[in-house]
Amino acid sequence: MAEQYDLVVIGGGPGGYAAAIRASQLGLKAACIEKRPNKAFGGTCLNVGCIPSKALLDSSEMYETTLHKLSRHGIKVGSIALDLEAMLKRKDKVVSDLTGGIAGLFKKYKVTPLYGTGKLLGGGKVEVTAADGNKIILEAKHILLATGSESIELPFMKFDGKYIGSSTDALNYNPVPKHLIVVGGGYIGLELASVWKRLGSKVTVLEFLPRLLAICDGEVSSEVQKILTKQGMEFHLETKVTGASVKGDQITVTAQAKDGKALSFTGDRVLVAVGRRPFTAGLGLDEAGVKFDAKSGRIEVDSHFKTSAAGVYAIGDLIAGPMLAHKATEEGIVFAEQLTGMKPHINYDAIPSVIYIWPEVSSVGLTEEQLKEKGVEYRVGKFKFAATGRARAMDEIDGWVKVLADAKTDRVLGVHILGPRASDLIAECVTIMEYKGSAEDIARCTHSHPTLSEAVGEAARMAWSGNPINS
Ligand code: FAD
Ligand code: NAI
């Protein structure tokens, strides 16, 4: 007889594993299926995404600091050398510690881990095929699809495992590429370009659109371009990549500039980072009657994550919205709570995003461009980190906080931060937006001194009253 569950989750990423744990905490019998051959849960995020990329970003930032910033603090060091082998090993250890942690959480919360590839059979049945070909069938009252996404491949530049690769390859370059050509100036392009630039690569970024980081506030994008150019990266915007060819140990990427001029770039590695698409191959969507958008591949769901097939749900990178780990996790938790009769909700207008270049970029809510497009009257409060004591003490004075508030009600509509530890500073703004707070609310909260958070308080004070104290 088939094993019976209340909930079977297909995909053990930040969406799927969080849903399985929350469901089990709430009394459901839950199983989570993961197909990675190394049996590691955590999905793209822990295995080949957020965590390894941040481990390398932190390590490479330390290298950069040691090379170029310590002397400004009066610290002299002897000869400095890069041990790439050790840096990559540390990254792998961070990953294995965290994925092992999920196995521990499953044990603690009595989630059944299942290793293999899950497939919908229809009628509440799921088939799991193990690596050795062994199959088992599960029966579930509810089935959650959380199979995430995969890198988009350019048809004329297929991943070849050596010269042309995805983010996964770019987490393991060894030796450091001499010249890394990055196709796509988005999240992955800029984060991984930063890693390898700091470790010694020449970096050229080719972007199709007229600006980097198209999802960001326009002022952030142009400032990021200036700062990264100062760090030594080369950018070609409005550049259409047309092909690539390998000769000897070099690869040449051909492209077309906006004015039609033919361009070519020769390097030793190409990172293609032109977006990701939902991963649904072999899931049995058609057989089970799960509708998805043919163009984007995203599965269609209602506000309770229900798909068009009874008892089948989907979350995370598989459905609409930003492809971010915290969005997937939030959906996983809310899904499980809704299933057990609770009434939580997700405010999609208050999901933050962070780009972990240096200085960091973070944002929540609407950009100035979006406010203009919607015809909303708004006030801008902008405060430079250079005017805060803490940024001066740290010698990290690039960037600013920009608070956008409704001109009539003062309600915070968006916050955009470019600066040191912007990743942590955005949390306060998310809370304020979640509670529909005003710029005055932020300004009137006491911000410790001296901290970088004072820039948030001052930007809010400016948006609300037009008068910051320290500028
Ligand atoms: P995934 O994490 O993709 O997990 C899906 C899992 O399902 C995978 O492990 C897959 O093996 C498994 N699976 C697929 N099909 C099957 C099947 N049929 N049977 C069983 N298992 C299956 N987001 C952030 O918020 N912050 C970051 O800093 C960040 N950095 C990133 C860096 C990189 C280089 C990349 C590539 C992504 C990054 N992301 C980041 C995005 C983030 O990783 C994703 O948004 C997130 O992992 C999506 O979670 P998910 O649970 O929907 O799917
Ligand atoms: P992206 O959507 O962020 O950026 C892709 C870029 O490639 C865009 O600027 C696009 O205009 C450009 N592009 C598309 N086709 C092109 C072409 N043919 N030639 C040149 N440029 C082209 O996608 P990316 O960087 O691949 O990341 C995928 C997703 O992963 C992100 O959207 C994000 O959701 C997630 N992610 C999140 C991170 C974070 O939260 N810090 C870090 C890394 C990834």
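Taking the range 360-397 as the range and being farther than 27 Å from E64 by Cα and basic (K, R) as the test, the residues that pass are K372, K374, R379, K382. Taking the range 380-471 as the region of interest, the helices (runs of 4 or more DSSP H) fully inside it that hold 3 or more residues being open to solvent by less than 30 Å² (accessible area, probe 1.4 Å) and modelled with pLDDT of 95 or more are 422-434, 439-444, 453-465. Within the range 101-119, if we keep just the residues that are in contact (Cβ under 8 Å) with a residue 40 or more places away in the chain and part of a helix (DSSP H, G or I), the residue that is farthest from G12 (Cα to Cα) turns out to be Y109. So for the range 61-72 (the condition being within 19 Å of the chain's Cα centre (by Cα), surrounded by 15 or more Cβ atoms within 10 Å (Cβ to Cβ) and within 24 Å of K230 (Cα to Cα)), does at least one residue qualify? Yes: one or more hits.
The sole residue among F156, F235 that is over 20 Å from the mean Cα position of the chain (by Cα), away from ligand 1 (no atom under 16 Å from the Cβ) and more than 30 Å from K402 (Cα to Cα) is F156. Only strands (runs of 3 or more DSSP E) whose full extent lies in the range 164-258 are considered here, and the ones with at least 3 residues that are touching a strand residue (DSSP E or B) at 6+ places or on another chain (Cβ under 7 Å) and over 17 Å from I357 (Cβ atoms) are 179-183, 240-247, 250-256.
For the range 82-100, the condition holds for at least one residue, the condition being that it is within 29 Å of the chain's Cα centre (by Cα), of a type in the set (S, T, Y) and away from ligand 1 (no atom under 13 Å from the Cβ). For the range 360-369, filtered to residues that are more than 16 Å from ligand 1 (Cβ to nearest atom) and in contact with a strand residue (DSSP E or B) (Cβ under 9 Å, 6 or more places away or on another chain), the residue that is most open to solvent (accessible area, probe 1.4 Å) is L366. From the list E127, E191, E153, the one residue that fits, being at pLDDT 95 or above, touching a helix residue (DSSP H, G or I) at 6+ places or on another chain (Cβ under 6 Å) and surrounded by fewer than 23 Cβ atoms within 10 Å (Cβ to Cβ), is E191.
Here K158 fulfils each of the conditions (1) charged (D, E, K, R); (2) assigned by TED's automatic domain parsing to the domain that holds A336; (3) surrounded by fewer than 17 Cβ atoms within 10 Å (Cβ to Cβ) apart from (2). The set of residues in the range 299-319 being open to solvent by 50 Å² or more (accessible area, probe 1.4 Å) and of a type in the set (D, E, K, R) consists of E300, D302, K306. Would it be correct to say that A40 is outside any helix (DSSP H, G or I), in contact (Cβ under 8 Å) with a residue 12 or more places away in the chain and in contact with a strand residue (DSSP E or B) (Cβ under 9 Å, 6 or more places away or on another chain)? Yes; evaluated as a whole, the condition is true for this residue. Across the range 20-37, the qualifying residues are those that are in a helix (DSSP H, G or I) and open to solvent by 50 Å² or more (accessible area, probe 1.4 Å), and the one among them that is farthest from L98 (Cα to Cα) is Q25. The set of residues from the range 43-70 being away from ligand 2 (no atom under 13 Å from the Cβ) and in contact with a strand residue (DSSP E or B) (Cβ under 9 Å, 6 or more places away or on another chain) is empty. Filtered by the rule that a residue be open to solvent by 20 Å² or more (accessible area, probe 1.4 Å), in contact with a helix residue (DSSP H, G or I) (Cβ under 6 Å, 6 or more places away or on another chain) and within 15 Å of ligand 1 (Cβ to nearest atom), the range 106-121 gives a lone residue, P113.
Restricting attention to the range 264-298 and to residues that are open to solvent by 40 Å² or more (accessible area, probe 1.4 Å) and outside any loop (DSSP other than H, G, I, E, B), the residue that is nearest to ligand 2 (Cβ to nearest atom) turns out to be R276. Residue check, E287 against (1) within 16 Å of ligand 1 (Cβ to nearest atom); (2) modelled with pLDDT of 95 or more; (3) more than 22 Å from the chain's Cα centre (by Cα), all met but one. Which one? Against the list (1) within 16 Å of ligand 1 (Cβ to nearest atom); (2) modelled with pLDDT of 95 or more; (3) more than 22 Å from the chain's Cα centre (by Cα), E287 comes up short only on (2). Any residue in the range 12-19 that is part of a loop (DSSP other than H, G, I, E, B), within 11 Å of ligand 1 (Cβ to nearest atom), within 18 Å of the chain's Cα centre (by Cα) and small (G, A, S)? Within the range 12-19 (the criterion being part of a loop (DSSP other than H, G, I, E, B), within 11 Å of ligand 1 (Cβ to nearest atom), within 18 Å of the chain's Cα centre (by Cα) and small (G, A, S)), the answer is yes, since at least one residue qualifies. Quick one: is G311 near ligand 1 (Cβ under 10 Å from one of its atoms) and either farther than 30 Å from K197 by Cβ or not assigned by TED's automatic domain parsing to the domain that holds L192 (or both)? Against the criterion (near ligand 1 (Cβ under 10 Å from one of its atoms) and either farther than 30 Å from K197 by Cβ or not assigned by TED's automatic domain parsing to the domain that holds L192 (or both)), G311 does not qualify. Please indicate, with yes or no, whether at least one residue in the range 56-75 is of a type in the set (G, A, S) and in contact (Cβ under 8 Å) with a residue 12 or more places away in the chain. Yes - at least one qualifying residue is present in the range 56-75. V205 fulfils the conditions (1) touching a residue at least 40 places away in the same chain (Cβ under 8 Å); (2) open to solvent by less than 50 Å² (accessible area, probe 1.4 Å) except for a single criterion, (1).
For the range 238-258, the criterion of being under 30 Å from L371 (Cβ atoms) and touching a Phe, Trp or Tyr at 6+ places or on another chain (Cβ under 8 Å) is met by at least one residue.
Got a sec? Which of L180, L138 is surrounded by 21 or more Cβ atoms within 10 Å (Cβ to Cβ), in the same structural domain as G12 (by TED's automatic domain parsing) and more than 20 Å from the chain's Cα centre (by Cα)? The unique qualifying residue is L138.
The values are calculated or read from the model by the stated rules, or taken from the named source; none is laboratory data. Since the model is a prediction, treat every value here as computed from it, not as a measurement. Here the Cβ is made from the backbone with ideal geometry for all residues, glycine too, and neighbour counts use every protein chain on show. Note: accessible area is taken over every heavy atom of the protein model, side chains too, but ligands, DNA and RNA are not part of it. Shrake-Rupley method; radii C 1.70, N 1.55, O 1.52, S 1.80 Å.
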